[in-house]
Structure formats: C-alpha cells, structure tokens
Amino acid sequence: MTDLNPTNQQILHYARHFLQCRGYNGFSYKDISQKLGIKNASIHHYYPKKEDLVAALLEERRKSLAVSIAQMKESEKSAREQLQYYFDYALQEFDEGKCICPPGSVIIDFHELPEKVKKQDMLLLDDILDWLNNVLRTGLEQGEFEFSDPVDTHAEMVVETLMGARLVSSIKGRKTLVRAISSIKSCLGWRD
C-alpha cells in the first residue's frame, strides 16, 4: 500500500465515505477531488485506477480490523464485550452517514468488479467471519451465549443481518438497525 501522508489519508477518508454511502459505481475521482480541492491527477498519483483505490481502502479496513481484534484480545474483553463493540461500531458508522458496511458496499456490483477489489472484499469478509466465529465459540463455551446451531451459521447470520439492516436503515432510520441488533442478541441467547 502507498504511503499514508495527509493527502493520501484524506483521499482514503472520502473514498471510504463515498463507497459506504453510494457503492463502487456511485462515486468518481471527481467527487473526491472536489471535496479536497485538488485535481483528479493528484488522486491518480496515489491510485492510478479506481480499482487500486478501492482495493487499498478494503485492505486498510482489514488492517484496522486486525488492530482492533488484537486490542480486544490484549485487554481480555469478553465475547459479549467484543460483539457489543461490533454493534457499536455499526451504529457509529450509521450515525456518521455511512449506510453500508465496507464489505457490503461493493456487493451490488460484485460480479462486474475488478479482481483485485473482489479479492480484498472477500478477504475482509472472511476476516470478519473468522473473528465472529472465534467470538461466538468462546462466548458459547463460557456461557455468555446460548444457541444450538453451528457457530459458523450464527456468525454468518450476524453479518447478513447487520448488512441488511444497515441498508434498510438508510431509508427507515436508526431504529431498524437497533432492532436488528436486538434480534441478533436474542438469537444468541444473550440476556442482559
């Protein structure tokens, strides 16, 4: 990945915002350059093609997730605390106007996407599912959760429910996302 100087960080910031609000085909370098007051060529300097930018953005999200997971492990957060972090993060992003989660932001265009974007999106989704599998397995073993279906089924259900709820919340409001989180907790046998 290229150097993350202030300009590059701003490019990624706005690209992430546009990607999560509009999807892959819903923004261009012009949208980013107008926000930053720079020329499109400045963006092309860092990312020759849009696929380079989006792949780098998804890779950055993977690295950020890995750091968050390591921090939670280091601080010995319980399974519930880790899962609550995930829910809080989804709510925070929604409150910031980002209606679609990073891996979900390219789903509508997935089959037409360049291979490097598909690869990074699948790696990010796999990272999230691996982490959720570990969290749910630990929570089940330690009595924090109570469910009988396979752990991987529940991990997929969590991701799928949050992705769908974030989309519907973009037109129905935050309460839809809050209800979805409550439903997930209920399915996991999470009792406050």
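The values are calculated or read from the model by the stated rules, or taken from the named source; none is laboratory data. Predicted model, so just to flag it, every value in this text is computed and none were measured. Neighbour counts run over all protein chains shown; Cβ positions are idealised from the backbone, glycine included.
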Can you confirm whether the range 141-159 contains a residue that is touching a helix residue (DSSP H, G or I) at 6+ places or on another chain (Cβ under 8 Å), more than 11 Å from ARG80 (Cα to Cα) and among the hydroxyl-bearing types (Ser, Thr, Tyr)?
-> no
Hits in the range 37-49 (condition: among the charged types (D, E, K, R) and at pLDDT 95 or above) = LYS49
Residues satisfying the stated conditions in the range 50-93, i.e. closer than 30 Å to GLU112 by Cα, surrounded by 14 or more Cβ atoms within 10 Å (Cβ to Cβ) and among the charged types (D, E, K, R) = LYS50, GLU51, ASP52, GLU59, GLU60, ARG61, ARG62, GLU93
Given the structure, is LEU91 in contact with a helix residue (DSSP H, G or I) (Cβ under 8 Å, 6 or more places away or on another chain), over 24 Å from THR176 (Cα atoms) and not acidic (Asp, Glu)?
-> no
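Check the range 27-41 and report whether any residue there is in contact (Cβ under 8 Å) with a residue 40 or more places away in the chain, surrounded by 13 or more Cβ atoms within 10 Å (Cβ to Cβ), more than 25 Å from LYS185 (Cβ to Cβ) and touching a Phe, Trp or Tyr at 6+ places or on another chain (Cβ under 8 Å). It would help to see each step written out before you state the result.
Taking the range 27-41 as the starting set, the residues that turn out to be in contact (Cβ under 8 Å) with a residue 40 or more places away in the chain are none.
No, the range 27-41 has no match at all.
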With (1) over 15 Å from the mean Cα position of the chain (by Cα); (2) touching a residue at least 40 places away in the same chain (Cβ under 8 Å); (3) farther than 15 Å from ALA79 by Cβ as the list, and GLY173 as the residue in question, which single condition is left unmet?
-> (2)
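Filter the range 1-21 down to residues that are charged (D, E, K, R) and surrounded by fewer than 15 Cβ atoms within 10 Å (Cβ to Cβ), then give me how many there are.
Within the range 1-21, residues that are charged (D, E, K, R) and surrounded by fewer than 15 Cβ atoms within 10 Å (Cβ to Cβ) number 1.
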Could you list all residues from the range 28-45 that are in a helix (DSSP H, G or I) and under 18 Å from ALA56 (Cβ atoms)?
-> TYR29, ASP31, ILE32, SER33, LYS35, LEU36, ASN40, ALA41, SER42, ILE43, HIS44, HIS45
How many of the residues in the range 141-160 are closer than 23 Å to ALA180 by Cα and in contact (Cβ under 8 Å) with a residue 24 or more places away in the chain?
-> 10
Go through the range 58-106 and give me each residue that's in contact with a Ser or Thr (Cβ under 8 Å, 6 or more places away or on another chain), in contact (Cβ under 8 Å) with a residue 40 or more places away in the chain and part of a helix (DSSP H, G or I).
-> ALA79, PHE94
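Would a scan of the range 73-88 turn up a residue that is acidic (Asp, Glu) and within 15 Å of the chain's Cα centre (by Cα)?
Our first condition is that a residue be acidic (Asp, Glu); within the range 73-88, this holds for 74, 76, 81, 88.
If we keep only those that are within 15 Å of the chain's Cα centre (by Cα) as well, we get 88.
Yes, there is a match, as at least one residue in the range 73-88 is acidic (Asp, Glu) and within 15 Å of the chain's Cα centre (by Cα).
Can you tell me which residue among GLU160, GLU146, GLU156 is over 21 Å from LEU57 (Cα atoms) and either assigned to a loop (DSSP other than H, G, I, E, B) or of a type in the set (A, V, I, L, M, F, W, C) (or both)?
Details: GLU160 fails: either assigned to a loop (DSSP other than H, G, I, E, B) or of a type in the set (A, V, I, L, M, F, W, C) (or both); GLU156 fails: either assigned to a loop (DSSP other than H, G, I, E, B) or of a type in the set (A, V, I, L, M, F, W, C) (or both).
Being over 21 Å from LEU57 (Cα atoms) and either assigned to a loop (DSSP other than H, G, I, E, B) or of a type in the set (A, V, I, L, M, F, W, C) (or both) holds for just one of GLU160, GLU146, GLU156, which is GLU146.
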